[in-house]
Every structure is written in C-alpha cells, then in structure tokens.
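What follows is a set of notes on a single structure, which appears directly below.
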Amino acid sequence: MTKCFAGLDWASRTHAVCIIDERGTVRSEFEVSHDAAGLAELCRRLKAARVTAVAIERPSGVVVDTLLEADLQVVPIHPNVVKATRPRYRSHGGKSDATDAYLLADLLRTDGHRFKPLAPQSDEIRTLRALVRGRDDLVATRVQLANQLREVLQSFWPGAAEVFADVDSPIALAFIQRYPTPESASRLGPKRMAAFCAQHAYSGRRAAEELLERLKGLRQAADPAWGLSLHGGASVVAGFVQFREVHLYISPEQPKLEGEFVRALGARPAEGEANLVVLSPFYRHSVLFEPRVVEGLRVVSDLQLFLDLSCFAQRGKEQADVILERRLRPAWAAK
C-alpha cells in the first residue's frame, strides 16, 4: 500500500492542503474553510486518501484538535525549520515556487523521523485548551474594541480617551457614559470629579485636580480649529495621487493658530510656488464639521474632502472619485 503524507498551511479563514505519495508526487491539492463543515471535509478527504500523517506549523488549535480526534497523526514542524528549508524547494526556471503545504508534506516524507508527533490528549486537557482559546479570543476582541473606542473619541472628545490610564477600564467607561461630550463635562469641577471618582471606587494615583487639569488641556485640543484637506488630507485616509502642496484649513476664530503652525514647521512666505497653503474657511462650522484624527493628524470629513477635491484642478477629480468609492459609498451602504 502506498503511503501518503499531507501538509497543511494554516490560515485564519482557509487552510491549504497538499497530499503527496512516498515518491513526492502530488496526489491532491485543495483548500478548506475554517469552520465545522470545512474541518469535517478535511478529515474526510485525508482519510479517503489514506494519509498516514499530517504536517502543520502549529502544535495547537482547533484544527489540530480536530485532526487528533479523527485519529490522524499530527506532526508539528516549527516555522523556523520550514523557513530554513524553503530555498531547497525554490523553483529554477519554473513558474512558481513550491507551496508551503507541499513543503510541509515533503518535509514529513523525507525527514519525518526527525519530528515528534503529537500525542492524543485527554478530555480534560482538550476542555482546558478550548477555554484558553476562548479567553484569548475575548481578550483580542476587547483590545480591538478599545482601539476603536479610542479612535472615535480622539475625533471629538480626546479628554475622555486619555484622562484615565486605560480607555476600557471600568472608571473610564463610566466617565464616558456620564460625560459623553466635552459640553457635558463643561461644569465638571474638583468636587464633582472627586465625588465621581469616589462613587466608582477609583483607586488611581491621580488626584481629582490633576485629572481635571489633564482633561482641560485635552478638551482644548478637541476644538476642530484646523484640518487637512485636498491631496494632503486624502493621503492620510485614502491616498491615490502624488502631491507637492499641503492644504490646511485654519478657523478664522483662532487667529493665533496660523502663527503656531508657522513656527512649529519653520515655514516662511513663498514668492513662487508654495508647499504649504493655509486656507481660511468662510463657513467654518460646515467645513470643519466632524473632522477626525488619523495617526495624529486632523483631517476634514470625507464629504468635505470630496467637495474640495472635485473643484481642484490638479488631479482633484481623480482623487475625489477614490474618496467616493473607498470612503463615502461604503459608509453610506453601512447605514
């Protein structure tokens, strides 16, 4: 009976599988989805091909547990080993290099005696590992949601995102719920802040006065007094066109802000073409409505970017179409 070996290239959504015989000839190549139906199909096809062992880079996980429960031998091969042996499988004049799934299967065929197969685990160990995986998924989800919350707050209420150490801590979430906007916290004084902290059993090292001072500084930064537009702003959210000029809206209600930018950037008046153009919006509340902070830069809204670029001569229409397709239409469809 011909022996067959399988290599499985693990991924988050689909897994690539390659089955070879004892001569290294490919018998089958296919992909399965990372769900119950896909893993069941994987086990069925491996058994139908009379696979004796499966090589995989991960020594644990749902895929490994499923293979072991199906009485298939699983042989983990460290990614460093796979990386070190990849040059010997590199194509010479061929159309493509060997896939990782084939590489794993062939390593198992030629060097299988060097690797130790996994032993089947008890029900208790499998249950424990499932609980650990569930916890890891929950932690990853919490981090993702905390990052999303911080990004949203940075666009209009950065004080709520930074006043406490962790934006997803109980005290920070309670603060956001009680004071969801800068306006709602406008009358927040030392006594009220201290009472709020006491009510929620805050045990941090910052006094109420210190928290308020931190909040005031960040509240001032939340004022949408400036924002990037045209190609400079578009490059931050959906860059497509190369540009030489940066266009910056500055609110006429903040006359000192232009001087601060000039000093900070070391800018000076240009006699010819300028690489920094300061714009004063006539309708400040509409032009600077709902800006967002991306990688530390304040950018006007996607709608304002689209409107400005549509009227801009230097490839503005081209970049406006990119903003429309990549930013505005998906946002409208989501609503």
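For region 110-128, the condition of being buried (at least 19 other Cβ atoms within 10 Å of the Cβ) and in contact with a helix residue (DSSP H, G or I) (Cβ under 9 Å, 6 or more places away or on another chain) holds for none of the residues.
Of the strands (runs of 3 or more DSSP E) lying entirely inside region 1-52, those containing at least 2 residues that are surrounded by fewer than 16 Cβ atoms within 10 Å (Cβ to Cβ), small (G, A, S) and in contact with a strand residue (DSSP E or B) (Cβ under 8 Å, 6 or more places away or on another chain) are 26-33. Taking the conditions (1) assigned to a strand (DSSP E or B); (2) closer than 24 Å to L131 by Cβ; (3) of a type in the set (G, A, S) in turn, A55 satisfies each one other than (2).
Return the only residue of L279, L297 being over 25 Å from the mean Cα position of the chain (by Cα), in contact (Cβ under 8 Å) with a residue 40 or more places away in the chain and within 21 Å of S251 (Cβ to Cβ).
Exactly one residue qualifies, and that residue is L279.
Could you tell me which residue of region 255-289 is nearest to R244 (Cα to Cα), considering only residues that are assigned to a loop (DSSP other than H, G, I, E, B) and of a type in the set (D, E)? Applying the filter and picking the extreme gives E273. Take E22 and tell me if it is over 26 Å from A130 (Cα atoms), among the acidic types (D, E) and in contact with a helix residue (DSSP H, G or I) (Cβ under 7 Å, 6 or more places away or on another chain). Yes, satisfied. The residues listed here are R109, R142; of these, the one that is over 30 Å from G227 (Cβ atoms), assigned by TED's automatic domain parsing to the domain that holds T85 and in a helix (DSSP H, G or I) is R109.
Do the conditions hold for V75, that is, is it in contact with a Phe, Trp or Tyr (Cβ under 9 Å, 6 or more places away or on another chain) and outside any helix (DSSP H, G or I)? Outline the logic, then answer.
Values: in contact with a Phe, Trp or Tyr (Cβ under 9 Å, 6 or more places away or on another chain): yes; outside any helix (DSSP H, G or I): yes.
Yes; evaluated as a whole, the condition is true for this residue.
Among the conditions (1) over 23 Å from L257 (Cα atoms); (2) surrounded by fewer than 15 Cβ atoms within 10 Å (Cβ to Cβ); (3) of a type outside the set (D, E, K, R), the only one that N275 does not satisfy is (1).
The values are calculated or read from the model by the stated rules, or taken from the named source; none is laboratory data. On a predicted model such as this, the values are computed, not experimentally measured, just so you know. Cβ: placed from backbone, ideal geometry, glycine included. Neighbour counts: every protein chain shown.
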